[in-house]
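Q: Have a look at the structure that comes next, please.
The values are calculated or read from the model by the stated rules, or taken from the named source; none is laboratory data. Keep in mind it's a predicted model, so treat the numbers as computed, not measured. For neighbour counting, all protein chains shown are included, and Cβ atoms are generated from backbone atoms with ideal geometry for every residue, glycine included. Heads up: the accessible areas ignore ligands, DNA and RNA and are worked out on the full protein's heavy atoms, side chains in. Shrake-Rupley method; radii C 1.70, N 1.55, O 1.52, S 1.80 Å.
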Amino acid sequence: DSACKNRPLDLVFIIDSSRSVRPEEFEKVKIFLSKMIDTLDVGERTTRVAVMNYASTVKVEFPLRTYFDKASMKEAISHIEPLSAGTMTGLAIQTAMDEVFTEEMGTRPATFNIPKVVIVVTDGRPQDQVQDVAASARTAGIEIYAVGVDRADMQSLRIMASEPLDEHVFYVETYGVIEKLTSKFRETFCAVNVCALGAHDCEQVCVSNGASYLCDCYEGYTLNPDKRTCSAVDMCAPGRHECDQICVSSNGSYVCECYEGYSLNPDKKTCSATDTCAPGRHDCAQVCLSNGGSYSCDCFEGYTLNPDKKTCSAVDMCAPGRHDCEQVCVRDDLFYTCDCYQGYTLNPDKKTCSRAITSRLVTTEESCKCEAIAALQDSVTSRLEALSTK
């Protein structure tokens, strides 16, 4: 007996019948389905089978609840006709979730722990967004096998399929040799491999152990006491990372960062001091002084650093002790000039003063009186000279 006896399945075939699949090739697909059914332990309490046909539209040829014997299934498959145009693979998988994998259509309740399996057979590239739909299906517990034929896009097959991909993605050159996959699927479904069948409750990694299994976790996670679920470990704990300065834990992994004034080197682990006084890297109002990966602020001459250690205020250059003027200091913005008291003049050194030689200033009124007196004197002199002559 070549039929599987180990584990029942809720198995759905989704077959591509778009225009690129020629009639004789589609007949080969139907033969493949029939031979697959021959290898399965089909029955109401064992493996249930549904078949879906898709192109631009999707047709459920028969759901899981319709047939429970091989002869009836194979007879129904022989009457399937291609739908012609389009390759809406995402729509087909979505329809499987919405209309086939339901208890009304024959899917057994989750409490039965029966694996839900999809086998997609296609020769083209999906014409819709299959990635998100396939991800939703896998999240819902549906295991997806992707079979590509001839012109099939391998990237699309890998996007659809479940992990590990090398166990869920298959390719054949032509429909003429698709029957070769029958034995491959028989090995997969008939093996006493609970992990391959998806009949386990491991959160992350299932490790087959004869007729049983053990759970394990991805790198960066550790197995919880329930031996099924995993928790992220602190990758930044001492001795668990290679960061030179700062370790930042990130979802079971870590990234390295550097202190202020340092930058991460290309190795993403070590740090090098940066020019902390480069434009935009400091908040000093006037002068930035680099100091081994850090910095301090200073001020221009004539200014003093404020208590915030960043901004500066102008100082009084004429304050006692801050200038060298002998007599008077005159403040001029950030600088100063020297001057002298009344009666003194500034020496050439622009600092010291000497007593000035002053002359009395004559007012306008006094000037007029002087001119009148001078005129009178001239008149008197002239008369005296005249009298003297006589």
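Q: Tell me which of these Ala76 doesn't satisfy, since it passes every other one: (1) modelled with pLDDT of 95 or more; (2) surrounded by 18 or more Cβ atoms within 10 Å (Cβ to Cβ); (3) of a type outside the set (Val, Ile, Thr).
A: Exception for Ala76: condition (2).
Here is a yes/no grid of residues against (1) under 23 Å from Cys277 (Cα atoms); (2) of a type outside the set (Phe, Trp, Tyr); (3) open to solvent by 70 Å² or more (accessible area, probe 1.4 Å):
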{"site": "Phe300", "(1), (2), (3)": "yes, no, yes"}
{"site": "Thr304", "(1), (2), (3)": "yes, yes, no"}
{"site": "Pro307", "(1), (2), (3)": "yes, yes, yes"}
{"site": "Val315", "(1), (2), (3)": "no, yes, no"}
{"site": "Cys318", "(1), (2), (3)": "no, yes, no"}
{"site": "Asp332", "(1), (2), (3)": "no, yes, yes"}
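Q: Pairs please, first residue from the stretch 294-322 and free of Cβ contacts under 8 Å to residues at least 60 places away in the same chain, second anywhere and aromatic (Phe, Trp, Tyr) and open to solvent by less than 80 Å² (accessible area, probe 1.4 Å), Cβ atoms under 7 Å, 6+ apart in sequence or on different chains.
A: Cys312/Tyr303; Ser313/Tyr303; Ala314/Tyr303; Val315/Tyr303; Met317/Tyr336; Cys318/Tyr336
Q: Next question, about the same structure. Has the stretch 178-185 got at least one residue that is open to solvent by less than 20 Å² (accessible area, probe 1.4 Å), touching a residue at least 40 places away in the same chain (Cβ under 8 Å), on the phi > 0 side of the Ramachandran plot and of a type outside the set (S, T, N, Q)?
A: no
Q: How many residues does the stretch 44-73 hold that are small (Gly, Ala, Ser) and surrounded by 15 or more Cβ atoms within 10 Å (Cβ to Cβ)?
A: Total meeting the criteria: 3.
Q: Being open to solvent by less than 50 Å² (accessible area, probe 1.4 Å) and in contact (Cβ under 8 Å) with a residue 24 or more places away in the chain: is that true of Cys256 here?
A: no
Q: Taking Ile93, is it closer than 21 Å to Ser20 by Cβ and more than 32 Å from the chain's Cα centre (by Cα)?
A: So Ile93 does not fit the description; no.
Q: Write out, first by first residue and then by second, each pair whose Cβ atoms fall under 6 Å of each other, whose residues are 6+ apart or on separate chains, and whose first residue, in the stretch 103-122, is in contact (Cβ under 8 Å) with a residue 60 or more places away in the chain while the second is open to solvent by 50 Å² or more (accessible area, probe 1.4 Å) and not small (Gly, Ala, Ser).
A: Once the first residue is in contact (Cβ under 8 Å) with a residue 60 or more places away in the chain and sits in the stretch 103-122, its partners that are open to solvent by 50 Å² or more (accessible area, probe 1.4 Å) and not small (Gly, Ala, Ser) give Gly106/Arg65.
The rows are residues; the columns are (1) more than 30 Å from Cys247 (Cα to Cα); (2) of a type in the set (Ser, Thr, Tyr).
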residue	(1), (2)
Tyr262	no, yes
Asn265	no, no
Cys277	no, no
Ala285	yes, no
Tyr295	no, yes
Asp308	yes, no
Val315	yes, no
Glu326	yes, no
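Q: Among the residues of the stretch 79-93, write down those that are surrounded by 18 or more Cβ atoms within 10 Å (Cβ to Cβ) and of a type in the set (Ser, Thr, Tyr).
A: Once the filter is applied, which keeps residues that are surrounded by 18 or more Cβ atoms within 10 Å (Cβ to Cβ) and of a type in the set (Ser, Thr, Tyr), the stretch 79-93 yields Thr87, Thr89.
Q: Looking at the stretch 18-33, is at least one residue open to solvent by less than 70 Å² (accessible area, probe 1.4 Å) and farther than 20 Å from Tyr145 by Cβ?
A: Yes, the stretch 18-33 has at least one match.
Q: Looking at the structure I just gave you, is Thr87 in a helix (DSSP H, G or I) and at negative phi?
A: When the stated conditions are applied, Thr87 does not pass them.
Q: Only one of (1) over 40 Å from the mean Cα position of the chain (by Cα); (2) under 25 Å from Thr139 (Cβ atoms); (3) modelled with pLDDT of 95 or more fails for Phe112. Which number is that?
A: The one condition Phe112 does not meet is (3).
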